[in-house]
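Derivation of every value follows stated rules applied to the coordinates shown; laboratory data play no part. Remember, it's a predicted structure, so these values are computed and weren't measured experimentally. Virtual Cβ from ideal backbone geometry, glycine too; neighbours counted across all protein chains shown.
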Amino acid sequence: MKYTYYGQSCFLLEAAGTKLLFDPFISQNPLAKAIDITKIEADYILVSHAHGDHIGDLVTLAKQTNAKVIAMVELGDWLESKGVKNVHSMNFGKYTFDFGTVRMVWAAHSAGLPDGSYGGNPAGFVVEIENKQLYFAGDTGLTLEMKLLADLYQLDYAILPIGGNYTMDVEDAIISSDFINCNKVVGVHYNTFPVIEIDTKLAKETFEAKGKTLLLPAIGETIDI
Ligand code: NI
Ligand code: MN
């Protein structure tokens, strides 16, 4: 499975012949200037919550790719009001798509659309695809709800926010990886703004000291996971 990082919490997973794009926020991210969004392809776009740094390019890319957008119901309704036609709204539950199964899971955070519309609850996702199980936490603080995932899944990778302030920081993400029983973590939601800047070398060393792996691909880089 291929993972391409586009900055903040935006990434593309390619598996089972399917391209899944998460939380598109690229053109407004100064760190992602080198990414040309007109070249991005997707079959599905999964959106964790209705904050600007997760949906900045959502309407544009949904229309450009005609990907099916998987989002919380209120955010799905908002997208339809913006002329996005291919929307699959869901809530905290699971559904099997042609590529695999998606469970929308709890995130301890908030959500509100940039135009003041109610965005529904924030969420994360567990995606089962190509015999792998991945957890994308979205924006969340550390929460005991994560322990449920260790009962339900044997996660191969967890994509966790590590920048702190709005979400978990590195120390919290390490505790989270214990809660979910997954030692392979890809970090997101760091360095985009001054308040979420981190020491990436120290972050990796802190994970290593606990016998865990923190992957931090560069923006535009593709890695195999
Ligand atoms: Ni947020
Ligand atoms: Mn965010």
In the chain, with Lys and Arg counted as +1 and Asp and Glu as -1 at Cβ, which of these residues, 15, 113, 149, has the Cα nearest the positive end of the dipole, that is, farthest along it? 15
Among the lysines, which have Cα under 26 Å from the Cα of residue 39 when same-chain residues fewer than 8 positions away are ignored? 2, 19, 63, 68, 82, 85
Radius 12 Å from Cβ of residue 28, net charge of other residues (Lys, Arg +1; Asp, Glu -1): -1
Quarter of the Cα convex hull surface for the chain, i.e. its orientation-mean projected area (nm²): 10.9 nm²
Computed Rg/Rh for segment 2-46 (Cα atoms; Rh = Kirkwood radius) stands at 0.95
Please report the net charge: other residues with Cβ closer than 11 Å to the Cβ of residue 54, K and R +1, D and E -1. -4
Restricted to pairs 8 or more residues apart or on different chains, the lysines in segment 112-216 with C-alpha atoms under 12 Å apart form a number of pairs equal to 4
Taking Cα atoms only, helix 200-209 is inclined relative to the longest principal axis of the chain by an angle, in degrees rounded to 10, of 60 degrees
In deg cm²/dmol, rounded to 500, what helix-only [θ] at 222 nm does the chain give when every DSSP H run of at least 4 residues adds -39500 (n - 2.57) and the total is split over its residues? -5500 deg cm²/dmol
Compute the helix-to-body angle for 170-179: its Cα long axis versus the longest principal axis of the chain, expressed 0 to 90° and rounded to tens. 90 degrees
Quick one: of the DSSP bridges fully inside the chain, what percent are antiparallel, nearest 5? 60 percent
Please get the size of the charge dipole for segment 2-224, origin at its Cα centre, with Cβ charges of +1 on Lys and Arg and -1 on Asp and Glu, quoted in debye to the nearest 20. 300 debye
I'd like the distance separating the alpha-carbon centroids of segment 112-151 and segment 155-203, in whole Å. 14 Å
Local charge sum around residue 173 (other residues, Cβ-Cβ under 13 Å, Lys/Arg +1, Asp/Glu -1)? -1
